[in-house]
1. Measuring from centroid to centroid over Cα atoms, what is the spacing of the range 161-183 and the range 31-48 in Å?
2. Quick one: net charge of VAL220's neighbours, Cβ under 10 Å, K/R +1, D/E -1?
3. Normalised by the empirical 2.2 N^0.38 Å for globular proteins, what value does the Cα Rg of the range 167-214 take?
4. Give me the three principal axis extents of the range 25-284 from the C-alpha atoms, as integers in angstrom, largest value leading.
5. Please give the net charge around HIS129, taking every other residue with its beta carbon less than 12 angstrom from that of HIS129, where Lys and Arg add +1 and Asp and Glu add -1.
6. Amide H of ASP59 versus every other amide H placed in the peptide plane: which residues, excluding those fewer than 5 positions away on the same chain, fall under 5 Å?
7. With an 8 Å Cα cut-off and a minimum separation of 6 or more residues, compute the relative contact order for the range 25-284 in percent.
8. If you average the C-alpha positions of the range 105-125 and of the range 214-262 separately, how far apart do those two centres end up, in angstrom?
Amino acid sequence: MTTTAPATPTEGEFRQSYYGAGEHPDPEGELNRLRLQATASWPKEARVLREFGIRPDADLLEVGSGPGFTTELLLQEVPQGSVTCLELEPHQIAEATGYLQRRAASPPRIIEGSILDAPLPDASFDLVHARFVLQHVPDPVQALTEMRRLLRPGGRTVIVDIDDRLWGSVHPSADLPVIEKIIEGRVAMQAARGGDRLIGRRVPALLREAGYTDIRVEAVAVSSDELGMAALEPQLNVRSRYALMVDQNPEAAAAVAHVADLVDQFLALPDASAMLLVFMFTGVKPEQS
Ligand SMILES: C[S@@+](CC[C@H](N)C(=O)[O-])C[C@H]1O[C@@H](n2cnc3c(N)ncnc32)[C@H](O)[C@@H]1O
C-alpha cells in the first residue's frame, strides 16, 4: 500500500479533520468507540486532572465535546462549579444534548462554534479542557491562543491527545512493520484533512508559543491487563477505524485487511496484552499577560 496522502479534497475544504456528519461508515460503532475510550482511561485522567489542580468549584470550558461522554465525566469533577461546551458540529451537539438530558442531573450549556474564533467573552473560565480535539484543528496555535483568551489569569488549559508514533504496544508482538505502515497511512490521511495525528510531540512547544507558562506533561497508559480486552477492542478495530481510509484510497485495502486479520489472531491468543497511550498536557495563563 502507499502511505502518501490519498486523493481527498484539499486542506482548505476541511474545517476539522474528525468525521463530518454522515461520513463515518459505522456511526454506531464509532459512538461506542468514543464512549469506551472515555470510560477506559477516565479514572487515570481524572487523577491527573486533580494533580493539575482542578477545583470542585471551577468554571470549566470543554472544547470539542462531541457526543458528550467526557462531558458527563467532567461534570462530576466540578460539582460546585459549571461546565460549558463549545462544539463545532451541529450533529455532535444534537447527540450530546440527547445523551446528557438522559444522563446528567443538570445538563450543561452547549454552544455551537469553533475554538479558532470562539463566541465567548474573555476571561470567563478557570479551566479549558480539550480531549482529542487539537489533533483535528487546522491551526492549533490559534486554538490554544483562543483558549488562553477565555481563561481567567492563573487559569489552566488541559490538552488530552495522542501521538500515533507512540500509540502503545501489543504483546506477543505481531507484524509491527505492517501495522506501522497503515498507521502512517492514517497520519497522512488526517494531515490531508488539516489535522495532525503526531500532535503529541508538538503540544508543549505549541503551548509555549501560545503564551502559557508552567507547562507539564503526563502519560496515561490504558492496559487490557487492568481493564480487560473488551474495553480496548473498539480502538483495535482496524476494519472500522480504517474504513474511511480504504474508501478514499482503495490501494490501502489489502494492507488494512491483512492487519485486521493479524488483530483477529492476536485477540484470539489467551495471553494477548495491549497497552494504549494517551498524553495529558497543561499550561497556565500568566497572571499578567
Ligand atoms: C474525536 S472527537 C472527541 C470528542 C470528545 N472530546 C471525546 O474525548 O470523546 C473531536 C471533537 O472535536 C470537535 N471539533 C473539531 N474541531 C473543532 C473546533 N475548531 N472547535 C470546536 N470543536 C471542534 C469535533 O466536531 C468532534 O466533536
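Readers should treat all values here as calculations from the given coordinates under stated rules, not as data from a laboratory. Bear in mind the structure is a predicted one, so any value in this text is a computation, not a measurement. Heads up, the Cβs are rebuilt from the backbone with ideal geometry, glycines too, and the neighbour counts pull from every protein chain shown.
1. After rounding, the separation between the Cα centres reads 20 Å.
2. Working: positive: LYS44, ARG47; negative: GLU45, GLU218.
Value of the local net charge: 0.
3. Values: Rg = 14.8 Å, N = 48, 2.2 N^0.38 = 9.6 Å.
Against the compact-globule rule of thumb, the ratio is 1.55.
4. 51, 35, 33
5. On the way: positive: ARG131, ARG156; negative: GLU45, ASP59, GLU62, GLU77, ASP126, ASP161.
That sum, taken over residues with Cβ under 12 Å, equals -4.
6. Distant-sequence amide H within range of ASP59: SER82, ASP126, LEU127.
7. Values: 441 pairs, mean separation 56.4, N = 260.
Contact order relative to length: 22 percent.
8. 31 Å
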